[in-house]
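> Attaching a single structure in structure tokens format; questions to follow.
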Amino acid sequence: MKKIAFYGKGGIGKSTTAANVSAALAEQGHSVCQIGCDPKNDSTRLLLGRVCSQTVLDTVRQCGDEISADQIVHTGFGGVQCVEAGGPEPGVGCAGRGIIVALEKLKELEVIRDDQFVLYDVLGDVVCGGFAVPIREGYATDIYIVSSGELMSLYAANNIAKGVARFAGRGRVRLGGIIGNSRNIDREQELLTEFAVRLNTKLVAFIPRDKVVNQAEIHKQTVIAWRPDSAQAAIYRQLAGFVLTNADLTVPTPLSFEELEKVVLDYGIE
Ligand code: ADP
Ligand code: MG
């Protein structure tokens, strides 16, 4: 089964999109594991209906090295196996280093299984080796970058593409595509389509900005669970179906910052 990772700038919609994709796959009967690699620990909140308090790193800190899988794997919506890597207190220690320790622990405990669809949700605007671990160590092979049409989101996406390109030379990691998460800016879908083409990939989804996402979030649920018949839920299901079968994976061709600015200038204004 596929091992995928969602990367993107902080606050862009990775966890929301990841949780809805996981929920959609679980709904179709797939065995799914979602691993949050962001020190915010909230990747799996919509699947669990709460913020996961037992992260891998917290558990190791409290109980020492001899922990069991059932202490850190929590079952959420549709049976999705939810894990949060955890991180240090803000301002103390290195969050990237924590990701390395947490993923090594998951491997040792055989939490990550080959018969499962595994989705990593990774912070991508931190230029830190630790956050590259899911790519570098081959934990994930299909990388999706969540981005809006905003310059700083595209900037983070382009940096992530640089990381994917670097590690593609050594292993199986490839770019699966750009997931557009709308911020309702002018010509956003066209801009993201062009950006994806320049990166040697495709815009694989364009997710509208919709208040149903915020309502579901307040109720600690995915849109799939909260409003299963909504148009937004259908969009997440379509994306889930796509990532499940996508065979068009590429080595990205990142842009220079000047090229990126030019794309935004050419397409970004109505
Ligand atoms: P990240 O994991 O990238 O930091 P989140 O998934 O936590 O970002 O999303 C940040 C905020 O944006 C959340 O409050 C979430 O509900 C909201 N959000 C994400 N996607 C959408 C969308 N398509 N429409 C409306 N709100 C969204
Ligand atoms: Mg998140």
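The values are calculated or read from the model by the stated rules, or taken from the named source; none is laboratory data. Source: prediction; values computed, not measured. Positions of Cβ are backbone-derived with ideal geometry, glycine not excepted, and every protein chain shown enters the neighbour counts. The protein model used for the area step is the full one, side chains on, heavy atoms only, and it has no ligands, DNA or RNA in it. Shrake-Rupley method; radii C 1.70, N 1.55, O 1.52, S 1.80 Å.
> Scan the chain and hand back the longest stretch that contains none of the trypsin sites (Lys or Arg not before Pro) lying in DSSP loops with at most 13 other Cβ atoms within 10 Å. Walk me through the numbers before you get to the answer.
Working: sites that count: Arg50, Arg113, Arg170, Arg172.
Answer from the scan: 173-270.
> Okay, moving on. Mean-square fluctuation check for the chain, GNM, Cα pairs under 10 Å: which of Asp125, Asp38, Asp114 is largest?
Top of the fluctuation ranking is Asp114.
> Here's something else I'd like to know. Residue by residue through the stretch 29-43, which ³J(HN,Hα) values in whole Hz follow from phi under the Karplus form 6.51 cos²θ - 1.76 cosθ + 1.60 (θ = phi - 60°), with glycine and proline marked x?
Result, rounded to whole Hz: x, 7, 8, 10, 10, 10, 10, x, 10, 9, x, 6, 6, 10, 4.
> Sum -39500 (n - 2.57) across every DSSP H segment of at least 4 residues in the chain, then divide by the residue count to get the 222 nm mean residue ellipticity, nearest 500.
Working: 12 runs with 115 residues, N = 270.
Counting only the DSSP helices, I get -12500 deg cm²/dmol.
> A further question follows. In percent, how large is the relative contact order of the chain, given Cα pairs closer than 8 Å and 6 or more residues apart?
24
> Shifting gears a bit: Out of the stretch 47-149, which GluC sites (Glu not before Pro) are coil in DSSP terms and have no more than 15 other C-beta atoms within 10 Å?
Values: sites: Glu66, Glu84, Glu104, Glu108, Glu110, Glu137; in loops: Glu66, Glu110, Glu137.
Sites meeting the loop and neighbour criteria: Glu66, Glu110, Glu137.
> By DSSP, what percent of the beta bridges with both residues in the chain are antiparallel, rounded to the nearest 5?
On the way: 3 of 34 bridges.
Bridges in the chain that DSSP calls antiparallel: roughly 10 percent.
> Can I ask one more? Using the Kirkwood radius built from alpha carbon pairs, what does the Stokes-Einstein equation give as D for the stretch 3-266 at 4 °C and 1.567 mPa s, in µm² per second?
71
> By how many nm would the segment from Asp186 to Val101 lengthen if fully extended, with 0.36 nm per residue of separation less the alpha-carbon distance? Don't jump to the answer; show the numbers that get you there.
Details: separation 85, 0.36 × 85 = 30.60 nm, distance 4.20 nm.
Gain in length upon complete extension: 26.4 nm.
> Oh, and also: Within the chain, what whole-number % of the accessible surface is contributed by carbon and sulfur, with the 1.4 Å probe and all protein chains included in the calculation? List each step's numbers first, then the result.
Working: 5740 of 11540 Å².
It is 50 percent, rounded to a whole number.
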